[in-house]
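Inspection log for the structure reproduced underneath, given as C-alpha cells.
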C-alpha cells in the first residue's frame, strides 16, 4: 500500500533530466527514481531531422481520426511508432534503461502507476513529440499506461483545499474569418460530462470572446481553472504561441502568449489550471523552452497547463475534456487526469492516434505531482470543523513524521527523495524546527550532485573545459564535496597536456 499524507498518494516515479548538448555531441541524461539510485548516459538524436517530420505526424494523427475497419497495424501509425521507438531507444539506453526497468518492476509489484517526469533543459528538445515514446519490449506507448509530465523548473504553491464546487470558466471563440469548429458540440459534451459529478464542479461560460469580455469576467472570480475552446497557432517569426480571441468586428484577434499571460494575471489568486483545446497550443520553438503558449502560462504562475502539440479533431477534443475533468473532480493527480483524458480519446475511436496530441506542462521546483485542488466533501468538512483539536494533533504528528523521514533521506544523500518530503512538511508548517534551512541545504546539494554528474560525463567524453567548469560549479555549491577538487585538477592537467600537444603539432 502506498503511504498517504492528507489524501495525497505517493506513487512510484522516475525523473529523467536531459541537459543541453555537450561539445562532443549528444545530450547528457540523468535519471533518478523513487526506488533509489541514479544513472547517467548520453542521448544522441538527429533533432533537426525529427523536427522536419512534424508535418508528417500531424497528417497521420488527423487522418487516424476517421473511423476505419480494424485489422493489422494501420499504415498511418507507422511514422508515429517509428519516431516513438527512436525517441525511447535514444532516451532509455544503457545504464538509464536499468533504472527504468527497475522502477517499472517496482511499480507493478506495488500495484502503482509509474509517473514519468521529463526535465528538458535543451530548448530544441521541447519541440519533439515525447508523448509518442514507444517501448518495443512491452509493445506499448508510455503515455497510454503511465502518467507523463513535462516539468518546468519553477516553484509552485501547495494544493489549496476548496469546498465544492470547483469553478471552471469556459471560453469559446469563433472568429468569422477562421474555419468553423464544432464549439456547440464541445460545450454540450463538456457540460454533459460534468453534470454527473454531484455539484463538485461548476462550469460557467464567458458571455463573449473579446479581450474586454474576458477581462470583465475574470474580475468576477475567483476561478480555479480556465477551459479554452478555439483556434491556436504559432508565430514562427516571433517564436511564440498564439490563440485567437475575437475583435470588435468578430474577426480573429491573435493574442500572443505573453499578452494572454498579462490578461490572466487579473485572476486573484493565480489560476491553478488552464486547458487549451486549440490547435498547436502546445507547440514550442526550437530555441526557447518557454515559447509555447502553455509553457509560457505555467512560467507566469499557472500551476499546470494542458495543451495540444498538434491540430486536434473535434471528437478527440470533446472526449479528452470529458475524461480529464471527471478525474480532476475526484481528486486524481493532474498527470493521472491527463492519462484518463487520453483513454477517453482512445475509447471514442478504436483507430485514432490523437491520444498523443495532449501535452502536460507542470510547474514545480522539484517535479511535484499531486491534486491541483483538494475538493472536500461537504459532510467531511463539517466533521472536521467539529473536531479542530483532533485535526491539529494529526497534523502535528504528520509534520514530525515527515521531518524524520526527510532528515533520514537527507543524511543518506538521497536528496531527490528528501526534497518532496521537506516540501510537504513546509506546506503544513513553514516554521517547523530547522526544516526551511535543511530544505535549502538539500536543494543546494542536489544541484551540486547534478553538476558533478555533468562534470563526470564531460570528463569521460574528454571535454576538459566543460568538465573543469562543472567541477568548479560543484565546489561553489558544496566546497566540501568529495572528489570534485581532485578531479578538477586532473582535468586541468589533461587540458594542459592537450594544449602542449596542439602546440607541438
In the set 79, 95, the lone residue that is at pLDDT 90 or above and more than 21 Å from the chain's Cα centre (by Cα) is 79
- Query: Hey, any hits in the range 367-381 for a residue that's surrounded by 16 or more Cβ atoms within 10 Å (Cβ to Cβ), part of a helix (DSSP H, G or I) and modelled with pLDDT under 80?
  - Reply: no
### Query
Does the range 257-272 contain any residue that is under 14 Å from residue 357 (Cβ atoms), at pLDDT 80 or above and buried (at least 24 other Cβ atoms within 10 Å of the Cβ)?
no
- Query: Out of all the residues in the range 61-74, is one or more in contact (Cβ under 8 Å) with a residue 40 or more places away in the chain, surrounded by fewer than 18 Cβ atoms within 10 Å (Cβ to Cβ) and within 19 Å of residue 307 (Cβ to Cβ)?
  - Reply: no
Of those in the range 323-349 that are over 23 Å from residue 150 (Cβ atoms) and either in contact with a helix residue (DSSP H, G or I) (Cβ under 8 Å, 6 or more places away or on another chain) or at pLDDT 80 or above (or both), the residue surrounded by the fewest Cβ atoms within 10 Å (Cβ to Cβ) is 347
Among (1) in contact with a helix residue (DSSP H, G or I) (Cβ under 8 Å, 6 or more places away or on another chain); (2) more than 17 Å from residue 32 (Cβ to Cβ); (3) outside any loop (DSSP other than H, G, I, E, B), residue 445 falls short only on (2)
Scanning the range 246-271 residue by residue, those closer than 16 Å to residue 294 by Cα and outside any loop (DSSP other than H, G, I, E, B) turn out to be 254, 255, 256, 257, 258, 259, 260, 261, 262, 263, 264
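Table: residues versus (1) outside the structural domain of residue 27 (by TED's automatic domain parsing); (2) modelled with pLDDT of 90 or more; (3) loosely packed, with under 15 Cβ neighbours inside 10 Å.
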| residue | (1), (2), (3) |
| --- | --- |
| 421 | yes, no, no |
| 434 | yes, no, yes |
| 464 | yes, yes, no |
| 483 | yes, no, yes |
task: With the condition kept exactly as written, say whether any residue in the range 10-19 is outside the structural domain of residue 335 (by TED's automatic domain parsing), at pLDDT below 70 and assigned to a loop (DSSP other than H, G, I, E, B).
output: yes
Residues of the range 83-112 being in contact with a strand residue (DSSP E or B) (Cβ under 7 Å, 6 or more places away or on another chain) and under 16 Å from residue 147 (Cβ atoms), in sequence order, are 100, 103, 104, 106, 107, 110, 112
If you go through 45, 61, the only one that is at pLDDT 80 or above, outside any helix (DSSP H, G or I) and farther than 30 Å from residue 413 by Cβ is 45
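The values are calculated or read from the model by the stated rules, or taken from the named source; none is laboratory data. Fair warning: this is a prediction, and the values are worked out from it, not measured in the lab. Quick reminder, even Gly has a Cβ in these numbers, built from the backbone with ideal geometry, and neighbours come from all protein chains shown.
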